[in-house]
1. On a full-extension model of 0.36 nm per residue, what is the gain between ASP165 and ARG57, subtracting their alpha-carbon distance, rounded to one decimal in nm?
2. Reachable lysines from LYS82, Cα under 19 Å, same-chain residues fewer than 8 places away excluded?
3. Once Rh is set to the Kirkwood radius over Cα pairs, what Stokes-Einstein translational diffusion coefficient, in µm²/s, holds for the chain at a temperature of 10 °C and a viscosity of 1.306 mPa s?
4. Which lysines, on any chain, are close to LYS108 with Cα under 18 Å apart, when same-chain ones fewer than 8 places away are left out?
5. With a cut-off of 8 Å between alpha carbons and a minimum separation of six or more residues, what is the relative contact order of the chain in percent?
6. At 222 nm, what value in deg cm²/dmol follows for the chain if DSSP H runs of at least 4 each add -39500 (n - 2.57) and the sum is divided by all its residues, to the nearest 500?
7. Identify, among THR42, GLY193, VAL261, the residue whose Cα sits farthest towards the positive end of the charge dipole of the chain, taking +1 on the Cβ of Lys and Arg and -1 on the Cβ of Asp and Glu, with the dipole about the Cα centre.
8. With the full set of protein chains in place, find how many percent of the accessible area of the chain is carbon and sulfur; take the probe as 1.4 Å.
Amino acid sequence: MDNWNRSRRGNNGKFQNEIPVFVKYSVGVTVSMLREFLSAKTQRRPKQPLPIVPIQRGTLSDRKDKIFWFGHSAALLQIGGKTILLDPMLGKNPSPFPFSRNRRFSVKLPITIEELPPIDIVVLSHDHFDHLDSSSIRKLIPKAGTFLVPLGVGKRIQKRGASPDTVIELDWGEERIVQGIRFTCTPARHFSGRGLFDQNSTLWCSWVIKTEKRSLFYSGDGGYGPHFKRIGRQHGPFELALMECGQYIECGQYYKRWSGVHMLPEETVQAHRDVQGGVLLPVHWGGFTLALHDWNEPPRRLSAAAEEQCMPYHIPRIGEAVYLDQIPLSSQHDYWWRDPGSGTD
């Protein structure tokens, strides 16, 4: 059975959102957007490379539940004695073109793929280049036990060398226990595709991750919608939620095109409240230039909105170990992203 035919979200070879969004690529649209990007008057990259906190082997082997953010949406999660990678875009640029100038803000990562310990589970939310990076996947295949992906994305992983018996595909509402951890594939309002002619041929999703002790949520990419409240009612509350915050277009001719598939920072705060997310950890920023806003506008606006609502949040430095036993964290924030040159590099 075709993946799209297996899913309630499938129709005529394509996956669909619960609330329709208008996203359609063409050569003309791509050229027009590139022209707007080149003419924008914003500081879309930091003036100097973002600081990182190098990840030490001793920290990785201390067997404590924790999470490391790598910039953008990539994160390393260690819970229940297992090591999990979320959307491991660990390459140099989120583009199909190897010579693209859209380089990573931090230049280097807090740890290389080769230095990582064995990865028990790799979790992907969808197949866009800034989440599914071919070079990263190929390097991870020898280290990874299982790839957990939404419907259709398995073919992307197998094409890059993964054995079919290491890939698990889920539809919205389906769950699977992998190495003692329960993963539930939950809705998102987004789209998929890696070219002009394969749009929405694979599914996109968010993830609920639970052990006997922990309950976490990862939003993946997506616009605001009623699905967040439903996820909160069915699966919440969570102690920590990684929520998309960044790469939005707020005005101009492409606002309607993107407003349904990415959230403004204030919408991220509301979505976090809807899912009963506990501590908010914003992702999908701090890695690459994929929109017209200032590179650090997402944390500026999110921190202001969260503090106005007395919502606990944490914006870690790239590579910083966030220990789950220490959350909710102190309400004191160092706002490192206001002065990125002040940290460890």
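The values are calculated or read from the model by the stated rules, or taken from the named source; none is laboratory data. Keep in mind the model is a prediction, meaning the values are calculated, not measured. Cβ atoms come from the backbone with ideal geometry, glycine included; neighbour counts cover every protein chain shown. Keep in mind that these areas ignore ligands, DNA and RNA; they rest on the heavy atoms of the full protein, side chains included. Shrake-Rupley method; radii C 1.70, N 1.55, O 1.52, S 1.80 Å.
1. 35.9 nm
2. Excluding near neighbours in sequence, the set is LYS64, LYS66, LYS143, LYS210, LYS213.
3. Using the Kirkwood radius from Cα pairs, D works out to 79 µm²/s.
4. List returned: LYS47, LYS92, LYS139.
5. 21
6. For the chain, the value works out to -5500 deg cm²/dmol.
7. Projecting each Cα onto the dipole axis, the largest value belongs to GLY193.
8. Of all accessible area on the chain, carbon and sulfur atoms account for 51 percent.
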